[in-house]
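Here's the structure, in structure tokens; my notes come after.
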Amino acid sequence: MKTTPFTDIHIALGAKMHEFAGYNMPIEYSTGIIDEHMTVVNGVGVFDVSHMGEFWVKGPKALPFLQKVCSNDITAIPIGKAQYNCFPNGKGGIVDDLIVYHYETEKYLLVVNAANIDKDWEWVNANNAEGAILENASDRMAQLAIQGPKAAELLQQLTSVNLNEIPYYAFTTGTLAGVDDVIISNTGYTGAGGFELYFYPQFGEQLWHAIFEAGKPYDIKPIGLGARDTLRLEMGFSLYGHEIDDTTSPIEAGLGWITKPAEGKPLIDGDLYVRQRAEGVSRKLIGFELIDRGIPRADYELTDGKGTVIGRVTSGTMSPTRKIGIGLGYVQTSYAKIGTEIAVSIRNKELKAIVVKPPFRK
């Protein structure tokens, strides 16, 4: 398995380690997923997300290339801002979802999912008829996500960069904890606030120890991938391989807002998206809360409450903050309206649920 600059630290801290996307990653620490989840919601926690992939796209052909392979309108990203996107796969599905950072004139950073690095790299190269300069920097970049309502106050002690001047989906580059050229980004996946730091791997331990030393008064804790999943689910954020994949359309997945085919933007699958918007789709991704007591899990059947299957759960859990079962899933479009009563089939019982609009954590 691959390692990150922090793998030995995780093991020394007693983390429960497991393979994820080819990496040996911490799933949870001794305090457990619920405690880690609430630490991020109420305080500050640190995620090792160095397994994520990073591609540079550079040169005069960078913009036309990205306009073709990315669903969103790249021209709408000023330098210093970021944008959520997906790669359409030419067959109506999604190669991956990603964040595009406009780093400099004619220079963009794409941050892709760890499990899809090789697939995404092959995809962007295969579709680079424009001749953009592509560089896979995944092995030369590490990343920590410092998340929670106390994250900004903590990190401000370690940098002269004014963190209050980095709004959501914006970033800057500066010195933090004595390390130069750190990309400081506000694009969190937890809904709890905070920043992501991108840096050269050789500075990983220096940054980790500085952050945890400064974080002692804030009861800072390392957080594993288990709590990362429950945090994103409480926000209703999609996870590749669950809510979105090569068989799901962004229109079905409620991602029409990042899907912007337009005149002069030769987007892969653009005509299909225009047609799906006009004609509608047969299924839609919904959020739901259980009315009855139970825990929904991925691939459980969703029914109309009378035995007829209308869809399936893509992600589900017991909400650590709400103490109720919550989930995301696809249903027939006629059942997707907010307030519709449906059911989750759990152990041959149809447990009542209601369609809601995420986030589940208010």
**OP:** Averaging sequence separations of C-alpha pairs under 8 Å and six or more residues apart, then dividing by the length of the chain, give the relative contact order as a whole percent.
**Re:** 17 percent
Subject >> Choice from ASN348, ASN89, ASN162 with maximal GNM fluctuation in the chain (Cα, 10 Å cutoff) >> reply: ASN348
Original post:
In the chain, with Lys and Arg counted as +1 and Asp and Glu as -1 at Cβ, which of these residues, VAL182, PRO359, MET141, has the Cα nearest the positive end of the dipole, that is, farthest along it?
Top reply: PRO359
Original post:
Cα-based Rg of the range 53-139 per 2.2 N^0.38 Å, rounded to two decimals?
Top reply: 0.96
**OP:** Putting +1 on Lys and Arg Cβ atoms and -1 on Asp and Glu Cβ atoms, find which of GLY191, GLY215, ASN164 reaches farthest to the positive end of the dipole of the chain.
**Re:** GLY191
Subject >> Formal net charge of residues neighbouring ASP269 (Cβ-Cβ distance under 11 Å; K, R +1; D, E -1) >> reply: +2
Subject >> Dipole moment magnitude, nearest 20 debye, the range 202-361 about Cα centre, only Lys, Arg, Asp, Glu C-beta charged >> reply: 540 debye
Original post:
When the dipole is taken about the Cα centre of the range 53-139, and only Lys, Arg (+1) and Asp, Glu (-1) are charged at their Cβ, what size is it in debye, to the nearest 20?
Top reply: 260 debye
**OP:** Please say if the chain is rounded, prolate or oblate, where rounded means a/c under 1.5 for a ≥ b ≥ c the square roots of the C-alpha gyration tensor eigenvalues, and otherwise the choice is prolate for a/b larger than b/c and oblate otherwise?
**Re:** oblate
Original post:
Given a cut-off of under 8 Å on Cα pairs at least six residues apart, what relative contact order in percent is computed for the range 53-139?
Top reply: 41 percent
Original post:
Given ILE346, VAL69, THR173, which one lies farthest toward the positive end of the charge dipole of the chain, if we put +1 on the Cβ of every Lys and Arg and -1 on the Cβ of every Asp and Glu?
Top reply: ILE346
Original post:
Within the chain, what percent of beta bridges assigned by DSSP are antiparallel, to the nearest 5?
Top reply: 95 percent
Original post:
THR4: net charge of surrounding residues, Cβ under 15 Å, Lys/Arg +1, Asp/Glu -1, itself excluded?
Top reply: -4
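We did not get these values from a lab; they are worked out from the coordinates using the rules stated. None of these values were measured; they are calculated from a predicted model. We place every Cβ from the backbone using ideal geometry, glycine too, and count neighbours over all the protein chains shown.
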